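Visitor: My structure is below; once you've seen it, I'll send some questions.
The values are calculated or read from the model by the stated rules, or taken from the named source; none is laboratory data. The model shown is predicted, which means the values in this text are computed figures rather than measured ones. All Cβ positions, glycine included, derive from the backbone under ideal geometry; neighbour counts span all protein chains shown.
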Amino acid sequence: MKHYFDSIKPNLVIAVNGGTNKSIKNSITPNIIIGDNDSIRKKSKSQKIKYPKDKDKNDLDLAIEYLLSNYTNFQLFCFGILGNRIDHTLSNLNSISKITPPPIIIHSKQTILILNPSFSLKNIPTKTKVSIISLTKFSKVNIKGYKYSGNYEIPFLSSLGISNIVLNQDNEIHCKEGKIITIIYLDFIKFYNEGKCYNSSS
């Protein structure tokens, strides 16, 4: 985790509740801690924004609200939001899908982005496996430079877009309609150095 932060060199680190423990364990001091603080075991001098334990939103939602209220023109990197609880994972994916530009989720040896029609994914290294999952009733996707290329209409949560392979250096995934999760089986450092998420309307 620490080597990812060393590559990104973030201007601001927000820890969400129990994520504070992991941050401090990895010698990363959060600027801000957000949540009900029920999972924090380690002491920190970070600014704390505390909410009641019983609330209608989870801690990630509260962190996103804080971020959008106080900052503009940022690139969000997310660690540890895909945990071992499927309810939290699905809720977290839905929460970050509303942010532009698309947040980059770092999860083990995978890099994950949620794309809408404003953005395209390009320059993924050849031989990389990439899966596409629709988050809407149907997503219209144009794929270029992959084993399975062309125009596809992918149904909600369908397996149609799973396990594609990059064949050409000139490659692109463009969500023309709907919203998709792209799961890139590539370590974040390599993605950060080579892959690009472009604003397709520019």
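Visitor: Which members of the stretch 168-178 meet the condition of being of a type in the set (D, E, K, R) and surrounded by fewer than 19 Cβ atoms within 10 Å (Cβ to Cβ)?
Guide: Correct list: Asp170, Lys176, Glu177.
Visitor: Oh, and also: With the structure loaded, tell me whether Cys197 is in contact with a Leu (Cβ under 6 Å, 6 or more places away or on another chain) and at pLDDT below 90 or whether it fails that test.
Guide: Yes; evaluated as a whole, the condition is true for this residue.
Visitor: Condition first: among the aliphatic types (A, V, I, L, M) and in contact with a helix residue (DSSP H, G or I) (Cβ under 6 Å, 6 or more places away or on another chain). Now tell me which residues in the stretch 14-29 satisfy that.
Guide: Ile14, Ala15, Val16, Ile28
Visitor: List the number of the failed condition for Asp170; all other conditions in (1) modelled with pLDDT under 95; (2) in contact with a Ser or Thr (Cβ under 8 Å, 6 or more places away or on another chain); (3) among the charged types (D, E, K, R) hold.
Guide: (2)
Visitor: For Ile173, which of the numbered conditions (1) assigned to a loop (DSSP other than H, G, I, E, B); (2) within 25 Å of Phe77 (Cα to Cα) fails to hold?
Guide: (1)
Visitor: For the stretch 176-189, name all the residues that are within 16 Å of Pro103 (Cα to Cα) and part of a strand (DSSP E or B).
Guide: Ile180, Ile181, Thr182, Ile183, Ile184
Visitor: For the stretch 89-147, how many residues are touching a helix residue (DSSP H, G or I) at 6+ places or on another chain (Cβ under 9 Å), farther than 25 Å from Asn193 by Cβ and modelled with pLDDT of 90 or more?
Guide: Qualifying residue count for the region: 1.
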